[in-house]
Structure formats: C-alpha cells, structure tokens
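Input: a single structure, listed below in structure tokens.
The values are calculated or read from the model by the stated rules, or taken from the named source; none is laboratory data. If you're wondering where the values come from, they're calculated on a predicted model, not measured in any experiment. Ideal geometry is used to build each Cβ from the backbone, glycine not excepted, and the neighbour counts take in all protein chains shown.
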Amino acid sequence: MEIPYTIEARPDTGLYNAKLGIWLFLASEVMLFGGLFSAYVLLRVGAEPGMWPHGWLNVTLGTINTLLLALSAITTLLAWAACKVREFGKFKFFHACTILLALAFLGIKSYEYRDKLIHYEIALANGKFADGHLKEKSADFDLAKKTGTVTIHGRIVDDRKELMDLRSAAAQSAQLEEHTIKAADIQKMENYGPRHNTFTAIYFTLTGLHALHILGGTVVIAYLWGPGSRMWRRDPERFTNRIEVSGLFWHFVDLVWIFLFPVLYLT
C-alpha cells in the first residue's frame, strides 16, 4: 500500500507528511529550549550581586563555532537546491561539507568542555582561593588523607568574587603562574564541571543538549549522504523532500546557537 502525501502536499495543510511532522517536532523543540532559556534568565536575575560569572568562556572559539554553523546552514541549503535541480554530484559535495563543519563544531565544543574539566578552583585553609588549570598531581596526592601536592597554572586571590569577572581590569592584568599547593592546605578542590556553580550547570545543560542535537542531525545527514542516498535512483522527489526536512532541523539547531552564543559568551 502506498502512503499518500509523501511527495505532494496535503490539501488541508499545504504540506507533505514529513514537512508537517518536522514542523510539529520543531514546535516542541521551541518549548524545550524556551524553558531552558527562561531558567537561565531567572537564575541570572536571582544571583547574588557580584557572583554571576563574566568572561569564563572563550569568545574566539565561540565565534569560530558560530561561523562554522552559519556556513553549514548555507551548505545544507545548497545541498537541497542541488537536489531540486537534479545535480546529485553537487548534493554529495555540499552535504559532505555540512558533515565536516558539524564535526569541526563538535570538536571545538569538546575542547571547551575539556578546558573546563581541567580548570580547578581551590579553597585554601588560609581563606584564599587558588584558581587555574591543573598541571600535575603528585603520586601520593590524596585530599581526604591530606597527603601530597597539586600544581596548577593560574593565580591566588583573597576573595572568591575576584574570580567571577575575568573581564575586569584586575583579572586582565593578573599574572598567571604555577603554584604547587599541599593537600594539607586545601579545604575544597573542585573543577569547573556542571556541579561547580549555577552558571556552569546551566552552561553544560544548554550547550550539551544543543551538542546532542548537532550530533543527531549529523548522523541523519551522514545517512542521507551515504546509504540513504540510494533512494535518489528510484524516487528523487521523495529523497529531495527528505533533504529539505533534515535541512529544516539543521536550521533550527543553527538558530538555537545564534541565541546561545551571545547569551552565554558575550554577556
């Protein structure tokens, strides 16, 4: 039995089935990300004065990722346009470009995550705070037993608030050095993972969910570029519709990043 409206538009909606389905799905995605963005706003507004981080993220890497996704939005559109004019070779080229750009985006995001996971804030017994990237732990380092030492590349400050705004003049002029700290002098040691504070929690939640969408979209695009492209030979019009639907999803995740970038990186 042939399924109706896989190519031609439905008379009641003016859309073929898959396109109607993707728009309904994207409507639910808007509610999902809308709720998370609202949570971000409420958490930031309710934060203690001077305790909301600024400048914790690498704007250069964020800008590069923005450009990568913008280019991928163009290449996925060109891939669909190539299908519409029946130029399969160009479709393969542009879709391959989209996949490579997506993988580059995920690679940079993985680097950013790693940078946060090796960045530590250490509360010292004398009331000061050491902050920096982990360089080395001695073989006998055990925080619970208070043995060994840890070496970080960063700075030591008197007040934790000094670590919040890395765009301040004091933070910009601070000299980063290697500090070796004894476990006996450490009250608490924690990396900049999701549990570190409210900002890192919402940062990892928003960007992690977005990265999963990028990964899922890349898998679908890679399938349509590879094994799924066999449909081109027997039903090019339906295949073109599939490319359009995957492109709509891709444009959505691009749009989400356009909001994420200024909200997280520039404010």
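Every residue in region 204-250 that is part of a helix (DSSP H, G or I), free of Cβ contacts under 8 Å to residues at least 24 places away in the same chain and more than 29 Å from residue 35 (Cα to Cα), please.
Selection gives 223, 227, 228, 230, 231, 233, 234.
Go through (1) surrounded by 15 or more Cβ atoms within 10 Å (Cβ to Cβ); (2) farther than 28 Å from residue 229 by Cα; (3) modelled with pLDDT of 95 or more for residue 96 and report which single condition fails.
Of the numbered conditions (1) surrounded by 15 or more Cβ atoms within 10 Å (Cβ to Cβ); (2) farther than 28 Å from residue 229 by Cα; (3) modelled with pLDDT of 95 or more, the odd one out for residue 96 is (2).
Testing residue 90 on (1) at pLDDT 95 or above; (2) buried (at least 16 other Cβ atoms within 10 Å of the Cβ); (3) over 20 Å from the mean Cα position of the chain (by Cα), one condition comes back false. Which one is that?
(2)
Taking region 51-72 on its own, how many of its residues are crowded, with 18+ Cβ neighbours inside 10 Å, within 21 Å of residue 215 (Cβ to Cβ) and of a type outside the set (Val, Ile, Thr)?
6
Taking region 152-165, which residues are in a loop (DSSP other than H, G, I, E, B) and either among the β-branched types (Val, Ile, Thr) or crowded, with 16+ Cβ neighbours inside 10 Å (or both)?
Going residue by residue through region 152-165, those that are in a loop (DSSP other than H, G, I, E, B) are 158-159, 164.
Matches in region 152-165: 164 only.
Scan (1) in contact with a Leu (Cβ under 7 Å, 6 or more places away or on another chain); (2) surrounded by fewer than 12 Cβ atoms within 10 Å (Cβ to Cβ) for the single condition residue 48 breaks and write down its number.
Just one mismatch for residue 48, condition (1).
As an exercise: evaluate residue 33 against (1) closer than 23 Å to residue 223 by Cα; (2) surrounded by 15 or more Cβ atoms within 10 Å (Cβ to Cβ); (3) modelled with pLDDT of 85 or more and give the number of the one condition it does not meet.
(1)
It is to be established whether one or more residues within region 116-130 are buried (at least 16 other Cβ atoms within 10 Å of the Cβ) and of a type in the set (Ser, Thr, Tyr).
yes
Kindly check whether there is at least one residue in region 161-184 that is assigned by TED's automatic domain parsing to the domain that holds residue 48 and in contact with a Lys or Arg (Cβ under 6 Å, 6 or more places away or on another chain). Even if it seems obvious, please write down each step before you answer.
Of region 161-184, the ones assigned by TED's automatic domain parsing to the domain that holds residue 48 are none.
The answer is no; no qualifying residue exists.
Test of understanding: among 55, 14, 34, which residue is closer than 30 Å to residue 171 by Cα, of a type in the set (Gly, Ala, Ser) and either out of contact with any Pro (no Cβ under 8 Å at 6 or more places or on another chain) or assigned by TED's automatic domain parsing to the domain that holds residue 255 (or both)?
Numbers: 14 fails: closer than 30 Å to residue 171 by Cα; 34 fails: closer than 30 Å to residue 171 by Cα.
The unique qualifying residue is 55.
Being touching a Lys or Arg at 6+ places or on another chain (Cβ under 7 Å), more than 30 Å from residue 181 (Cβ to Cβ), part of a helix (DSSP H, G or I) and among the hydrophobic types (A, V, I, L, M, F, W, C): is that true of residue 70 here? Outline the logic, then answer.
On the way: touching a Lys or Arg at 6+ places or on another chain (Cβ under 7 Å): no; more than 30 Å from residue 181 (Cβ to Cβ): yes; part of a helix (DSSP H, G or I): yes; among the hydrophobic types (A, V, I, L, M, F, W, C): yes.
No: the conditions fail for residue 70.
What number goes with the only condition from (1) out of contact with any Phe, Trp or Tyr (no Cβ under 9 Å at 6 or more places or on another chain); (2) part of a strand (DSSP E or B) that residue 144 does not pass?
(2)
If residue 233 meets every condition in (1) of a type in the set (D, E, K, R); (2) touching a Gly at 6+ places or on another chain (Cβ under 9 Å); (3) surrounded by fewer than 13 Cβ atoms within 10 Å (Cβ to Cβ) apart from one, which number is that one?
(2)
Check 180, 149 and return the single one that is farther than 30 Å from residue 62 by Cβ and surrounded by fewer than 14 Cβ atoms within 10 Å (Cβ to Cβ). Full working, then the answer.
Working: 149 fails: surrounded by fewer than 14 Cβ atoms within 10 Å (Cβ to Cβ).
Criteria check complete, one pass: 180.
Only residues in region 20-34 that are in contact (Cβ under 8 Å) with a residue 12 or more places away in the chain count as the first member; pair them with residues that are in a helix (DSSP H, G or I), Cβ under 6 angstrom, at least 6 apart or cross-chain, and list the lot.
22/245; 22/248; 26/252; 33/256
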